[in-house]
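Engineer: Mind looking over this structure? Questions follow.
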Amino acid sequence: MSDYHHYRFLRYAPRDGTTMQMQPGRWTRMHLDPWLLGLLLIAAAFGLIVLYSASGQDADMVTRQAISFGMAFVVMITLAQVPPKMYEAFSPWFFAMGLILLIMVALIGQVSLGARRWLGVPGLFRFQPSEFLKLAMPMMMAWYLSGRVLPPSWKVVLTGLLLIAIPAGLIAKQPDLGTAILVSASGLFVLFLGGLPWWMIGGCVVALGAALPIAWEFLLHDYQKQRVLTLFDPEADALGTGWNIIQSKTAIGSGGLMGKGYLQGTQSHLQFLPEGHTDFIIAAFSEEFGLVGVTLLLLLYSALVGRALFIAFETSSTYGRLLGGAIAMSFFVYVFVNVGMVSGILPVVGVPLPFISYGGTALITLMSGFGLLMSIRTHR
């Protein structure tokens, strides 16, 4: 680590007339990273502004989202106070708890819209245990690899793939393919950052390709197969399964370079665009702010990913590097999958756009990840 980066968060404090002692700076004492915090505050403010328009100027929805942001920031700051060594010690227990909750979902979970994804008390509260695995998975994989020789051997890789496959399979069974993909990606990123040789990566890709026909025939539900087919020809069922993508691409294209202006979108405000305040919110945003606005939003996301990777690469702990890198790259996957499905280059899998889409559970999960990053950064 360079002298510049080492002293940025330190100041000199004299103990007597001749001796100087380095003490943590203000941000380090609060266990917060100012750059990451600033970017997150900008993203939160930006998200509320966009949601106000995409929701049809629903002030109540924006208020609920603002409350969710407040709770998420509290969770993030709280998690940032805990040393990474504590997270490392409890990672297997978090993972085991997540598996138990997923098994409970399969046995006694609440059913809504044909999916069994929730636990809770009817009429009081409910939560989605699969969200917990978005953090428990990379924590477990980072713990597993940090105690072994890297790059990992075939035995370690196969064990790691098994650890990934079990919760991913339980989540896909609910069914929730989008979350299963995100949970799998968070674990695979840890393996990749652990120094997985390229020939192993190639072998895994070949094995995955060979397994696709089996997954298509026996694992995917009919509606999931239809989403894949719609990706290649949405006009084949323009008023049915292709409606979402067609309207989404229409909204994106109508925005042009500069957009129609804030609150001036027609596709979302006239109810042509489905789920305009959740999964397809970037289409509504693109219609009003155009290519310039989308570019600025993607630059904000790039800055968040870049800062997260910087924090991960600077830490001296193997656990911290693996976990921080996986959180950063998983955040990138969030953005890529949502933008990809809305623009028609990926199947629709129901992944929200970070900080912009309406919803509190996914928001708290995201901010928890950034809380872990701040802990890694400030407990060096």
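Engineer: For segment 67-77, just list the computed ³J(HN,Hα) in residue order, Karplus coefficients 6.51, -1.76 and 1.60, θ = phi - 60°, integers in Hz, with x standing in for Gly and Pro.
Structural biologist: 3J(HN,Hα) across segment 67-77, in whole Hz: 5, 4, 4, x, 4, 5, 5, 5, 4, 4, 5.
Engineer: What fraction, in whole percent, of alpha-carbon pairs in segment 241-380 exceed 25 Å separation? Could you put the intermediate results ahead of the total?
Structural biologist: Working: 3290 of 9730 pairs.
Every Cα pair in segment 241-380 considered, those over 25 Å come to 34 percent.
Engineer: For the chain, what is the accessible area per residue in Å² when the probe is 1.4 Å? Provide the component values of the computation, followed by the final result.
Structural biologist: Numbers: 18560 Å² over 380 residues.
Result: 49 Å² per residue.
Engineer: What's the carbon and sulfur percent of segment 70-110's accessible surface, probe 1.4 angstrom, rounded to a whole number? Walk me through the intermediate numbers first.
Structural biologist: Working: 1970 of 2270 Å².
Its accessible area is 87 percent carbon and sulfur atoms.
Engineer: Which net charge results when you count Lys and Arg as +1 and Asp and Glu as -1 among the other residues whose beta-carbon is under 13 Å from that of Leu257?
Structural biologist: -1
Engineer: Let me check I have the definition right: for segment 100-189, take the eigenvalues of the Cα gyration tensor, multiply each by 5, take square roots. What are those semi-axes in whole Å, largest first? Numbers along the way, then the final one.
Structural biologist: On the way: eigenvalues 169, 29, 19 Å².
Equivalent-ellipsoid dimensions as semi-axes: 29, 12, 10 Å.
Engineer: Given a Förster distance of 41 Å, report the FRET efficiency between Phe90 and Met258 from their Cβ-Cβ distance, rounded to the nearest 0.05. Intermediate values should be presented prior to the final figure.
Structural biologist: Working: r = 50 Å, r/R0 = 1.21.
The computed FRET efficiency comes out at 0.25.
Engineer: Okay, next question. Taking the inverse of the average 1/r across all pairs of different Cα atoms in segment 148-205, what Kirkwood radius in Å do you get? Please list the in-between numbers first.
Structural biologist: Numbers: mean 1/r = 0.0842 Å⁻¹.
It is 11.9 Å.
Engineer: Related question: With only alpha-carbon atoms counted, please give the Rg and Dmax of segment 161-239, in Å.
Structural biologist: In order Rg, Dmax, the Cα atoms of segment 161-239 give 14.9, 47 Å.
Engineer: Which of the lysines could be linked to Lys249 by a straight reach, that is with a Cα gap under 27 Å, when you skip same-chain ones fewer than 8 residues away?
Structural biologist: By straight Cα distance, Lys249 reaches Lys225, Lys260.
Engineer: Compute for segment 37-81: radius of gyration divided by Kirkwood radius, i.e. Rg/Rh, restricted to C-alpha atoms, rounded to two decimals. Each step should come with its number before you reach the end.
Structural biologist: Working: Rg = 11.6 Å, Rh = 11.1 Å.
Reported Rg/Rh (Cα atoms, Kirkwood Rh): 1.05.
Engineer: Using modelled amide H (1.01 Å from N, peptide plane; none on Pro or chain starts), what sits under 5 Å from the amide H of Arg117, excluding residues fewer than 5 places away?
Structural biologist: Sorted by chain and number, the residues that satisfy this are Gln110, Ser112.
Engineer: Related question: Find how much the distance from Ile42 to Met97 grows on full extension, using 0.36 nm per residue of separation minus their present alpha carbon separation; answer in nm with one decimal. Don't jump to the answer; show the numbers that get you there.
Structural biologist: On the way: separation 55, 0.36 × 55 = 19.80 nm, distance 3.38 nm.
Result for the pair: 16.4 nm of gain on full extension.
Engineer: Percent relative contact order of segment 185-297, based on C-alpha pairs within less than 8 angstrom and at least six residues apart? Show your work: numbers first, answer last.
Structural biologist: Working: 97 pairs, mean separation 22.6, N = 113.
Computed over segment 185-297, the figure is 20 percent.
Engineer: Something else: With every protein chain left in place and a probe of 1.4 Å, what is the accessible surface of Val294, to the nearest 10 Å²?
Structural biologist: The accessible area of Val294 comes to roughly 30 Å².
Engineer: Continuing with this model, one more query. What ³J(HN,Hα) values, in whole Hz, does the Karplus curve 6.51 cos²θ - 1.76 cosθ + 1.60 give for segment 125-136 when θ = phi - 60°, with x put for Gly and Pro?
Structural biologist: Per-residue couplings from phi come out as 7, 8, 9, 10, x, 4, 4, 4, 6, 4, 9, 4 Hz.
Engineer: Next up: What relative contact order, as a whole-number percentage, does the chain give when Cα pairs under 8 Å and 6 or more residues apart are counted? Can you show the working numbers first?
Structural biologist: Working: 529 pairs, mean separation 94.7, N = 380.
Once divided by the residue count of the chain, the mean separation gives 25 percent.
Engineer: Next question. Can you give the FRET efficiency for Ala115 and Ser316, using 1/(1 + (r/R0)^6), R0 = 35 Å, r = Cβ-Cβ distance, to the nearest 0.05? Walk me through the numbers before you get to the answer.
Structural biologist: On the way: r = 43 Å, r/R0 = 1.23.
After rounding, the FRET efficiency stands at 0.25.
Engineer: Ok, one more. Taking just the alpha carbons, could you work out the radius of gyration and Dmax for the chain, both in angstroms?
Structural biologist: Computed over the Cα atoms of the chain, radius of gyration and Dmax are 22.0, 82 Å.
Engineer: I've got another one for you. Ignoring ligands, DNA and RNA, what percent of the accessible area of segment 240-380 is carbon or sulfur (1.4 Å)? All intermediate terms of the calculation are to be shown ahead of the outcome.
Structural biologist: Numbers: 3330 of 4900 Å².
Solvent-exposed carbon and sulfur of segment 240-380 make up 68 percent of the total.
Engineer: Could you please state, rounded to a whole Å, how far the C-alpha centre of segment 256-285 is from the C-alpha centre of segment 31-109?
Structural biologist: 25 Å
Engineer: Shifting gears a bit: Whole-Hz ³J(HN,Hα) for each residue in segment 143-160, computed from phi via Karplus 6.51 cos²θ - 1.76 cosθ + 1.60 with θ = phi - 60°, x for glycine and proline: what do you get?
Structural biologist: 5, 5, 7, 5, x, 10, 5, 10, x, x, 7, 4, 4, 5, 5, 5, 5, x
Engineer: Using heavy-atom solvent-accessible surface (probe 1.4 Å) with all chains present, what is the largest-first order of Leu101, Leu133? Walk me through the numbers before you get to the answer.
Structural biologist: Values: Leu101 35, Leu133 0 Å².
Result, largest first: Leu101, Leu133.
Engineer: Would you work out which of Leu150, Tyr223, Pro213 lies farthest towards the positive end of the dipole of the chain? Charges go on Cβ: Lys and Arg +1, Asp and Glu -1.
Structural biologist: Leu150
Engineer: Distance in nm between label sites at Gln271 and Leu161, each 7 Å beyond Cα in the beta-carbon direction?
Structural biologist: 4.9 nm
Engineer: Quick one: net charge of Lys134's neighbours, Cβ under 15 Å, K/R +1, D/E -1? All intermediate terms of the calculation are to be shown ahead of the outcome.
Structural biologist: Values: positive: Arg117; negative: Glu131, Asp176.
The answer is -1.
Engineer: Using the basic label-point model (7 angstrom from Cα toward the beta carbon), what is the Trp243 to Leu208 distance in nanometres?
Structural biologist: Each label point lies 7 Å from its Cα, and together they span 3.3 nm.
Engineer: Once you place label points 7 Å from the Cα toward the Cβ at Phe232 and Ile77, how far apart are they in nm?
Structural biologist: Using points 7 Å along Cα→Cβ, the separation is 5.2 nm.
Engineer: How tilted is helix 243-255 with respect to the longest principal axis of the chain? Cα atoms for both, answer in degrees (0 to 90, nearest 10).
Structural biologist: So the inclination is approximately 70 degrees.
The values are calculated or read from the model by the stated rules, or taken from the named source; none is laboratory data. All values reported here derive from a predicted model rather than from experimental measurement. Cβ atoms come from the backbone with ideal geometry, glycine included; neighbour counts cover every protein chain shown. Note: accessible area is taken over every heavy atom of the protein model, side chains too, but ligands, DNA and RNA are not part of it. Shrake-Rupley method; radii C 1.70, N 1.55, O 1.52, S 1.80 Å.
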